[in-house]
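Undergrad: Below you'll find the structure I mean.
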Amino acid sequence: MHKDLLGLARAEPAVRRHLAVCLAAAIVAGLLVLAQAELLAGVLSGRFAVAALLPLVLVVLVRGALGRLQGVSAGRTATGVKSVLRARLMRRFQESGPAGPRSGELVTLVGRGLDALDPYLTGYLPAAAVAAVVPIAVLVRLFVADVASALIVLFTLPLIPVFGALVGWTTKAVTERQWRALSRLGGHFLDVVRGLPTLRAFGRARYQSSVIREVAAAHRAATMRTLRVAFLSSLVLELAASLSLALVAVPVGLRLLSGSLHLDTALLVLLLAPEAYLPLRAMGTKFHASVEGVAAADEAFALLAPASPASSAADARAGDGRAEPSPVTAGTAAAAGIPRTGRLPGGRARGDGARADGARADAARTDGGPAGRAPEIRLEHVTVRYPGREQAALDDVSLVVAPGERVALVGESGGGKSTLLHLLLGFVTPSEGRVLVDGVDLATLDLDEWRRRLAFVPQRPHLFAMSVADNIGLGGAASPGLVRAAAASAQAAGFVEALPEGYDTVLGERGVNLSAGQRQRVALARAFCRPSAEVLLLDEPTARLDGRSEAAVVEATRALAEGRTAIVVAHRPAMIGLADRVVRIGAGRIVPGRRADALAAERGDVR
Amino acid sequence: MTATGASATGTSSTGTSSTGGVRWARLVGTLLGPGMARRLVVAALAGSAADLAGVALIASAAWLITRAAEQPSLAALSVAIVGVRAFATSKGVFRYAERLTGHDVALRAQAATRERLYESLIPAGPLQRRGADLLSRMVDDTEAVQDLLVRCLLPAVAALLTGVAAVVIGAFLLPVAALVLALGLLVAGVLLPAGTAAAARRWSARIAPARAELAARVADLVHGAADLAAYGAKEQALADGMAADARLAALERGQSRINATALGLGVLVQGATVAAVTLIAQATGLGQVATAVLALTALVSFEPVLPLAGAGERFAGVASALGRLAEIQASPVMVAEPERPAPPPEAPLLVEVRDLVVRHGDRDPALAGVDLTLTPGRRVAVVGPSGAGKSTLLSALMRTADIESGDIRINGVDIRSYATDDVRAAMTGLTQDPYVFQASFRDNLRLAGPEASDGELVEAVRRARLDAWADRTGWDTVLGEDGRTVSGGQLQRLALARALLYDPPVLLLDEPAEALDEETADALTADLLDATRGRTTLLVTHRLRGLEQVDEIVVLEEGRVTQRGTHAELVSAPGYYRDLWESETLAASSRASTG
């Protein structure tokens, strides 16, 4: 029994009702077999008149109806449980954000993965309920009819659970799982098929064909070795059941011969004895079929288990496509050992920012800029740690971004640039230090409110399986005019209008696929579609664009950044050129690098 | 792309009619060579024997008991007693034999399916750019062969033989009753499974899109988590996901109603048949012993037959999976092998491309008349906007895309008269979308040079600027999906190391600096140009830095060569190249001026 799954079924009234109906139907139908045996034995022995066949048909009719009822309510139970689990899992992804590398698996789990619960809910649970009730009822009836036969069944019946559960079930569950894993030498096969273009390029494609054969043969040999043992347990079960029948039938025949037993009773015993074993064997079979479902349930409940989410946000993909789980606030203790004295790279920047502050603020006012004033963003000794990583993603970073300032973040991949953006978005929280927005700690702000003031273009933006217009106007009711204007600014209007249904074209796997550069521009249009945003956070907005589009996007970004604060992760010179200040980040720290120095010096000269 | 075309034909097969059915039947037929057929017969016989033993056990026990009630001599019963014990023992043994032989043959059939499928994929077909999830569905589909044999075919054969045996026993006792039994078995064993199979086909045609819709919504929620959070669109996305789930659940409930009805009907047919057989026996005055044997044989003969309704449902899924595979195997090869291939070209190679036209599917030509010459020892760069046909040109040279008109000659011989493997042995390198296998770093590299010495591996890695990473990660660390993840930049450098290790006479490089950060890209490009000095190279790139060093630059736009010449010539003429060069250099100058 799966405790969590049953708990869930019990907690949901609708599911509980369907499950109860399903189990009750299964049990009653099982008990009706007794009545059926009674009537049939009576008719065959001549104790009942032929007319007793009518109630027999009625019993069968009810059993059929109950069978249908059981199936229908089992289906309702299964869909009910899956819906509840899906809803919880989907909400969970949104609340805490999944661990990225397995995101593909998560999608599979919520979709097809949970379907593996069907055999458990519709097969195993009713079988278990029947197995708990029917054998006892059969035994009671047998004791009333013929104690000798009942005793034989009573003593052989436990052989099934004993052999089954102790010898078979545990080992078989393991071997079946192993067998499934082996039969998914799909793993190897899929790998080879996916890599076929690469193999072809180096003339290794044909060679792999023989490797596939050898791997398959080796796995088959290994699998058959385990199966030979695993199937032994089912041999024992089968033998226990059929030999018990022989054990009952032969003495009964001999006692009939001596006249110490009535034919009526003998036939009843013959009909009922197998029914004592059947439910237990059925339960065993259904259990094996549901092993995968139990594994899926375990996985789902493990994901739902209250972890220690440090942030209430989706963290999704951080640092250069490598996804990173939410950091734990507990990292503070570990970080305490790191000295943080004497190194304040933010010091000078802070001075610069303060100087720029007044001038920018004036400019914003005269330009009439965005409604809300662009805020000052201040990082004070911020350290961000991801669980399971020794090195901090950001290590004692201090930085001040003045209102309206345009900052380019540069530095090698994985250095912490994306983490810095995610920090400002509230996707990750500092393990140490704090982030101040106009002097207020970001941790105390309403994140949804704060994010309404931001426009964000992630490094690998996700396009949703919706229309282009909905993708651009994500999260708000943007007017068609605004969407078009945003697309035009992001250099996306041209290709969008060339799509079969223009802005109404549905994107995604089952819709139109856009090229990487086009996707980037749709995501950029999202940012343009938020005219009220005060802070732009752009993670390599021109990655994967060719030169002409890049230049256009850089120009558009320059216009968008006017009067707003912009923090842009950039690799390409054109984008970097747009910035007032270049901040180099490496190994989680701000590096007083060449360019930053040079630019600071130049700025000093100009002023 | 070709992927959309392939997926369209792939999904259309779900509901295909007889042609698809015939095709997959032929596919299964080819799998079952003489060795397999013998094993399958053994498994079917063992399974049938187990079920027959079950029927015989009950029939002989019924005979034993009713006959004993007539109180004959003990000797009259001895055969039945032996029979009961023998059938009880043999039932389990036969079942064990069936399960072993059945699984063995199923595993063999699956392995054969995969091997055949793989071999049909080796020549570049329209599937070469299939999406990752379509590929994994294809691999899942190969498991359908197992289900076809173990869950559909073998139980059906056993049920058939058992049913026939029961009807024959009945015919000896009372032909009319046997007729009724045959009718009942036909309803439960043919009509009901056919019904569930048809229902499953019909419902899965409705369920599949609902399932795909749910998967898309969930993928949006998971992969787009950051976007949704940043734009405050979480709640809407959640509501969409739950609505998709509700639609799917409603359909699944519909399907489960059909299956539950089939289940209930099965029980009903079994009971009604037994009652009818008993009634007829009583009415015709058949003796008590014969009546009991008849009734109980009828009752038990349904046991292997009733599960066929479930098998029918599964069969519908198996048939469509195998239909999809058959369709893939029947899909035309894009590049045909020559009947009598010319001997492989010998280095040094002169490659001449003349008026080359290449088309993907029915769309406008990806290359519309391209001329290009690769002279031994010279390096040529191809630049142009994305979608201009740069990668298609490489595909044509590597014979993974076919030539519509014009030609490519290697040392004066038409490329189409060489075996495609020989062409790729001569011209290859860093291709688009390089793949990391689930294998050690060393093996991932070595696939491009199975006989290479360790020194050569190290040298290739060093020249691809991957040495520091390799030392840090370890040469025997397993990479790939279940192993250590490889970033885009590292992947690109691994692919470059492979290309350098393979060392083909003509080196093709497709966007080697793609996905690298600016500085690494510059460094890599510099190294690359050093490493390729004096060797025949075709470099496809969108970055112009360093191209002063190549001998010729070809600008490709919309499938045509719009400019060609050296870097110096191209920057002095108006056009795509100069625009791009200016926008690349603009940054530096604008940085200087803003500063």
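Just so it is clear, none of the values below were taken in a lab; they were calculated from the coordinates. Quick caveat, the model's predicted, so the values are computed rather than measured. A quick note on method: Cβ atoms are made from the backbone with ideal geometry, for glycine too, and the neighbour counts reach across all protein chains shown.
Undergrad: What do you get for Rg/Rh of region B:2-330 when both radii come from the Cα atoms and Rh is the Kirkwood radius?
TA: 1.11
Undergrad: If packing is taken as the average count of other Cβ atoms within 10 Å, what order do B:28-37, B:304-313 fall into, highest mean first? Working shown, then result.
TA: Working: B:28-37: 13.3, B:304-313: 22.9.
Averaged packing, sorted descending, gives the order B:304-313, B:28-37.
Undergrad: Quick check: the angle from helix B:576-594's long axis to the longest principal axis of chain B, C-alpha only, nearest 10 degrees?
TA: 70 degrees
Undergrad: Suppose R0 equals 25 Å; then what is the FRET efficiency for B:Gln71 and A:Leu54 from their Cβ-Cβ distance, rounded to the nearest 0.05?
TA: 0.20
Undergrad: Sticking with this structure for a sec: Can you give me the long-range amide H partners of B:Glu557? Hydrogens built in the peptide plane at 1.01 Å from N, cutoff under 5 Å, separation of 5 or more residues or another chain.
TA: Sorted by chain and number, the residues that satisfy this are B:Thr562.
Undergrad: Between the helical axis of B:154-173 and the dominant principal axis of chain B, each derived from Cα atoms, what acute angle in degrees is found, rounded to the nearest 10?
TA: The angle comes out near 20 degrees.
Undergrad: Within a 10 angstrom radius of each residue's Cβ in B:113-122, how many Cβ atoms of other chains show up on average? Whole number is fine. Could you put the intermediate results ahead of the total?
TA: Details: counts 1, 12, 6, 1, 3, 11, 4, 0, 6, 7.
If you average over the peptide's residues, the count of other-chain Cβ atoms is 5.
Undergrad: At 222 nm, what helix-only mean residue ellipticity would chain B give, in deg cm²/dmol to the nearest 500, using -39500 (n - 2.57) for each DSSP H run of four or more? Walk me through the intermediate numbers first.
TA: On the way: 22 runs with 371 residues, N = 595.
Here the helix-only value at 222 nm equals -21000 deg cm²/dmol.
Undergrad: Would you pull out the residues with amide H under 5 Å of A:Val428's amide H, same chain only if 5 or more places away, H placed 1.01 Å from N?
TA: A:Leu423
Undergrad: Mind listing the long-range amide H neighbours of B:Gly369? Cut-off is under 5 Å, sequence gap 5 or more, other chains count too, H placed in the peptide plane at 1.01 Å from N.
TA: Amide H neighbours of B:Gly369, under 5 Å, 5+ apart: B:Leu356, B:Val357, B:Val358.
Undergrad: Starting from a Cα-only point model with no solvent, please compute log10 I(q)/I(0) by Debye for region A:200-267 at q = 0.12, 0.13, 0.16, 0.25 1/Å.
TA: Rounded to two decimals, the profile gives -0.60, -0.64, -0.74, -1.00.
Undergrad: Could you compute the FRET efficiency for B:Ala25 and B:Val164, with r as their C-beta to C-beta distance and R0 at 25 Å, rounded to 0.05? Walk me through the intermediate numbers first.
TA: Working: r = 24 Å, r/R0 = 0.94.
For B:Ala25 and B:Val164, the calculated efficiency is 0.60.
Undergrad: Ranked highest first by the average count of other Cβ atoms within 10 Å around their residues, in what order do B:527-533, B:463-469 fall?
TA: The densest-packed peptide leads the list: B:463-469, B:527-533.
Undergrad: Say each of B:Ser120 and B:Thr375 gets a label point 7 Å from the Cα, pointing the same way as Cα to Cβ; how far apart are those two points in nm?
TA: About 4.8 nm separates the two model spin labels.
Undergrad: Peptide A:118-124: average number of partner chain Cβ atoms within 10 Å per residue?
TA: Values: counts 2, 0, 0, 0, 3, 0, 0.
Mean inter-chain Cβ contacts per residue within 10 Å come to 1.
Undergrad: Let me ask you something else. Across the residues of A:86-93, average count of Cβ atoms on other protein chains within 10 Å?
TA: Per-residue shielding by partner chains comes out at 6.
Undergrad: Expressed as a whole percent, how much of the Cα-Cα distance distribution for region B:25-114 exceeds 20 Å? Please report the intermediate quantities before stating the final value.
TA: Working: 2049 of 4005 pairs.
Everything past 20 Å amounts to 51 percent.
Undergrad: Which value, in Å³ per residue, describes the convex hull spanned by the Cα atoms of chain B?
TA: Taking only Cα atoms, chain B has a hull volume of 216 Å³ per residue.
Undergrad: Based only on Cα atoms, what mean projected area does the convex hull of region A:1-151 have, in nm²?
TA: Working: hull surface 47.2 nm².
Mean projected area for region A:1-151: 11.8 nm², to one decimal.
Undergrad: Okay, moving on. P(r) tail for region B:351-594, what percent of Cα pairs lie past 34 Å?
TA: 18 percent
Undergrad: Grab the beta carbon distance between A:Ser260 and B:Val41, set R0 = 45 Å, and tell me the FRET efficiency rounded to 0.05.
TA: After rounding, the FRET efficiency stands at 0.40.
Undergrad: Also, I was wondering about something else. By how many nm would the segment from A:Glu449 to A:Ala217 grow when fully extended, if each residue of separation counts as 0.36 nm and the alpha-carbon distance is taken off?
TA: Full extension from A:Glu449 to A:Ala217 adds 77.5 nm.
Undergrad: Pull up the DSSP beta bridges for region B:351-594 and report the antiparallel fraction as a percent, rounded to 5.
TA: Counting only bridges with both partners in region B:351-594, antiparallel ones make up about 55 percent.
Undergrad: Could you check what % of the DSSP bridge pairs in chain B are antiparallel, to the nearest 5? Provide the component values of the computation, followed by the final result.
TA: Working: 19 of 37 bridges.
Here the share of antiparallel DSSP bridges comes out near 50 percent.
Undergrad: Tell me the angle of helix B:175-186 to the major Cα principal axis of chain B, expressed in degrees between 0 and 90 and rounded to the nearest ten.
TA: Roughly 20 degrees, rounded to the nearest 10.
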